[in-house]
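First the structure, in the form of structure tokens, and then the observations on it.
Just so it is clear, none of the values below were taken in a lab; they were calculated from the coordinates. What you are looking at is a predicted structure, and each value in this text was computed from that prediction instead of being measured. Glycine also receives a Cβ, built like all others from the backbone with ideal geometry; neighbour counts cover every protein chain displayed.
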């Protein structure tokens, strides 16, 4: 999927990756993408999304994408036509819904590979994240104690 040809926004992508990572309990991707979402919104909003708390600064569309993402991570077989109707109601068209769903599936696969291979957040990654984001990531593998020298 070529993201540049999609009408999904950078914030949409960041919301979906952050929601995927946090729902899966992937500390590495949460610390990597939380700050990206914070740059597109703010650190508090990114931390709220990571903690699966209400994030009032997200648009209704972004909140629907986050909910859809979490549902796909938890149980894709439980989705219903009313879930898709909700996405349409907030302005997503069928192409965007397909792109979002496919993207979440790829992100889920990527996070699964990282987690299975024991990828832990680098100290630099954690140190670069704003405090609210670091504090919200209380799951997954702990941050490596020493900076990597890559």
Added length on full extension, which subtracts the Cα-Cα distance from 0.36 nm per residue, residue 94 to residue 67 = 8.0 nm
Förster radius 22 Å - calculated FRET efficiency between residue 10 and residue 57 (Cβ-Cβ, nearest 0.05) = 0.90
Note the full-extension length gain between residue 40 and residue 86 as 0.36 nm times their separation in residues minus their Cα-Cα distance, in nm to one decimal.
-> 14.1 nm
Relative contact order for the chain, counting Cα pairs under 8 Å that sit 6 or more residues apart, in percent = 34
Sites residue 78 and residue 117 - FRET efficiency at Förster radius 22 Å, r taken between beta-carbons, to 0.05 = 0.20
Rounded, prolate or oblate (a/c below 1.5 giving rounded, otherwise prolate when a/b exceeds b/c) for the range 8-136 by Cα gyration tensor = oblate
Counting alpha carbon pairs within less than 8 Å and at least 6 residues apart, what relative contact order, in whole percent, applies to the range 37-124?
-> 20
